[in-house]
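Asks: Would you mind keeping the following structure in view while I ask a few things?
The values are calculated or read from the model by the stated rules, or taken from the named source; none is laboratory data. Since the model is a prediction, treat every value here as computed from it, not as a measurement. Here the Cβ positions follow ideal geometry from the backbone for every residue, glycine too, while neighbour counts run over all protein chains shown. The area values use the complete protein model at the heavy-atom level, side chains included, leaving out ligands, DNA and RNA. Shrake-Rupley method; radii C 1.70, N 1.55, O 1.52, S 1.80 Å.
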Amino acid sequence: FGSSSCSPPSPPRELQHTVSMAAAVAHPSNAADHLFGYGATIPSQTLPELPCVSSHQDCNRSEYATFWNGCRDLALKKWQQVIVCGSVCGQHDFESIVALKMPEGYCEEDVYELFRKVDLDGDGEVSRNEFLVWVVGEVPEEKELFQECLSARMTVSFAIAGRICSSADLENRFSSLTHVPLEPGALIWHTACAGVEVPDEIPDLPLRSEGLEISINADVCGSTSMIAWALCPLLTLENRLKVLNAVAAADCAWDFAALLSVAALRLHETSGSSDVVSSLVAAALDALPPVVGKHGRLAQESVMQAAAVSLMERSAPFSLEFGMMLGFPELKTSVKAAAPACLARVLRFYKGKDLAARYPADLPSNHGLVLNGILASLPEESLSYVADKRRIAEIVYIAIREGDEEVAESLVASTAVLLDDVPARRLARVHALSHVFASFPRQKQAREALVACLADPDEEVRRASSHCLISETHKGNSGCEANVPLLLQSLRKCQTEKLQLESQGHIMGVAAATASRLERLSSQAELGEMALLTLREVPFSEATLQALQVLTHLGPFAPEGAVLAVSSLLEEWHGPGCLQACQALTSMVQQGNIEAVARVSQALKDFQGPPAERVQLANCLARLATIGGDQVASEAFLNMLASFPEKDSKAAALWCLESSALPGDKSVRSRALSELDSLSAEVLKASAAALKKVCHVGDMEAARPLLKL
């Protein structure tokens, strides 16, 4: 651009907005002003009148289009009644659905002819998608139905395109259509130059059906079928662009859906040149804003979400034709230039609510951090083309929250650029991934990335990823068990590479949360292995405490060797961790296990932790003691009663004696009688309970002080 000899010629006045867009590409830092003005001066003749239906309409097409006029809800209800949860129907079920609308005296042949028209892909069945294309002619306002119909039309368009027959004269069918100019500075797609001849009709579609070639009107279901020509890789780029131009200029309720199917070509067309696909995607994105401007909020949001996906596609191939449209013969501008242009132009007339108004009751407190994470993940080059960058982040946020899996997958892939040496950028990545994981807990790539962040060198990154994974686990998301193999792999890596103990603590924290909601035995085995690895290889830390929590949740399903490992720890731990070890041991063995009772009894005698934990430890021993009386446990409770004078410890020891003392135990009787002088009501009640357990009927020495109380 620095050499005057390479400068493009000055364009005519009507193309000034195109040069404005070109300046945005040439100077991205100053692009925002250009982009938000792009398209503002498009003349009224931008969308020429184009009859999307042949002037020689036959009765068949009319019958297809008008059969359910005004009866959309009735048709959908009949499908539900006849097909229930199915996705396809045969001719017999089809007749049951359409019978109430068929004219009197209809015959089976009439139903068959109608069935063949509705079966657009010719597979001998009417799918739910084909039925929706047939029945829902106008864009619905109900969000769920809108999304289903949009997906149905895009699916049907690709299905029809896949049936187009290859023949030598395929290209000749387009000889009468307007030539699409690709010379420098030429405006194509929606910004058709004045005087350009508009085609009267799109050629009929030659389709394969049951081994035969049939010909149907290209507009049999409006732009949904017309666009099949543009989706067909058998045609040259020029002819595919002709069709796209015609669809963009046609007045059809679902024209935006047809163009969106072209924008999604990168996901479907794997054959042919990537430049061809890129050019078509760029053309569709360029045509969508003026087309969708006449539709409602749902249609506009679907276009913005598609543009957001393209914006995040860092590996998008270059489009020479789109660069030529901007006025630079030598410039190869990627689809990333078309996507932000599309977004910016739609945002000029989009009237959607902001996040606070859209989610007044349940907008998460961290949504600001999530938006920052999304912004950090988006390509800087693409963002340089737009002024209100936060609106772009909000569009991505809303799309993911409301179930757009394609946007979610694109964002996950885009966050890979934040894997660098800057902790703040890696933390931003975690916040972006957390939003994806909250909406799609089964999203494999997001889960893998968050688990990998548990071993990040930065503590803030580790804590954020751990919080996200644990929060989603506690919500009861069924996909949480898929974390287990990833956690085991990450733990092994930490121990092999001698990574921070804090990392292992976060890994085991997520494992403990997952263990509390387990259903599959395979996951139990993997979690048990993780707990044993930690107890055997890691010194006392948060990781070992979480490992004990895992064993506590596993209970009798804990792996072989876990009881011995925990018993060994109790010989060394007399303070922190002792309670957790006793709880794990209590959950893993049966009540009355002699070795476990002896180990926990000794732990209670040696315990040096806080009084509250001592009370919990005593309760563990009471649950473990032999039913009917346990002398070993009783001695431990008597020792606790004598050694710790605080009322909570005394009350706990006496209550535990009530459940574990042998009937007639004189030591327990004597100690319980001595506590009847206490001023604590809880100690007095516990003493009375212990006396009732050990005293025989008629023991007046115990009865007198109780009567006095």
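Asks: Just for region 211-238: of the residues that are polar (S, T, N, Q) and either in contact with a Lys or Arg (Cβ under 6 Å, 6 or more places away or on another chain) or open to solvent by less than 10 Å² (accessible area, probe 1.4 Å) (or both), which one is nearest to A152 (Cα to Cα)? Break it down into steps so the answer makes sense when it comes.
Replies: Step one: filter region 211-238 for residues polar (S, T, N, Q), giving 215, 217, 223-225, 236.
Okay, now just the ones that are also either in contact with a Lys or Arg (Cβ under 6 Å, 6 or more places away or on another chain) or open to solvent by less than 10 Å² (accessible area, probe 1.4 Å) (or both), so 217, 223-225.
Numbers: N217: 20, S223: 13, T224: 10, S225: 12 Å.
Once the filter is applied, the top-ranked residue is T224.
Asks: In region 551-582, what residues are in contact with a helix residue (DSSP H, G or I) (Cβ under 8 Å, 6 or more places away or on another chain), open to solvent by less than 50 Å² (accessible area, probe 1.4 Å) and within 17 Å of F607 (Cα to Cα)?
Replies: Residues satisfying the conditions are V566, S567, L569, L570, W573, G577, C578, L579, Q580, A581, C582.
Asks: I would also like to ask the following. Quick one: in region 61-99, which of the residues that are at pLDDT below 80, open to solvent by 40 Å² or more (accessible area, probe 1.4 Å) and assigned to a helix (DSSP H, G or I) is nearest to T224 (Cα to Cα)?
Replies: A65
Asks: Next question, about the same structure. Quick check, is A598 of a type in the set (G, A, S) and closer than 16 Å to A622 by Cβ?
Replies: Numbers: of a type in the set (G, A, S): yes; closer than 16 Å to A622 by Cβ: yes.
Taking the combined requirement at face value, the residue satisfies it.
Asks: Restricting attention to helices (runs of 4 or more DSSP H) lying wholly within region 443-539, give those where 2 or more residues are over 21 Å from A565 (Cβ atoms).
Replies: 444-453, 459-474, 483-496, 501-515
Asks: Return the residues of region 130-144 that are of a type in the set (A, V, I, L, M, F, W, C) and within 12 Å of T66 (Cα to Cα); say none if nothing qualifies.
Replies: Listed by number, the residues that qualify are W134, V135, V136.
Asks: Let me ask you something else. Can you tell me which residue is surrounded by the most Cβ atoms within 10 Å (Cβ to Cβ) among those in region 396-414 that are touching a residue at least 60 places away in the same chain (Cβ under 8 Å) and under 18 Å from L369 (Cα atoms)?
Replies: The qualifying residue surrounded by the most Cβ atoms within 10 Å (Cβ to Cβ) is V396.
Asks: Sticking with this one: With the condition kept exactly as written, say whether any residue in region 128-143 is of a type outside the set (A, V, I, L, M, F, W, C), part of a loop (DSSP other than H, G, I, E, B), touching a strand residue (DSSP E or B) at 6+ places or on another chain (Cβ under 6 Å) and open to solvent by 30 Å² or more (accessible area, probe 1.4 Å).
Replies: No, that holds for no residue.
Asks: Mind counting the residues in region 561-600 that are within 26 Å of S503 (Cα to Cα) and not in a helix (DSSP H, G or I)?
Replies: 6
Asks: Sticking with this one: Inspect all residues belonging to region 606-624 and state whether any of them is buried (at least 20 other Cβ atoms within 10 Å of the Cβ), closer than 12 Å to L548 by Cα and of a type in the set (V, I, T).
Replies: No, region 606-624 has no match at all.
Asks: Which helices (runs of 4 or more DSSP H) does region 202-268 wholly contain that include 1 or more residues that are basic (K, R) and either touching a helix residue (DSSP H, G or I) at 6+ places or on another chain (Cβ under 7 Å) or over 30 Å from V346 (Cβ atoms) (or both)?
Replies: Numbers: elements: 223-226, 228-231, 237-249, 255-263, 265-268.
Counting at least 1 such residues, we get 237-249, 265-268.
Asks: Which number in (1) closer than 17 Å to A612 by Cα; (2) surrounded by fewer than 22 Cβ atoms within 10 Å (Cβ to Cβ) marks the one condition that M640 misses?
Replies: Exception for M640: condition (2).
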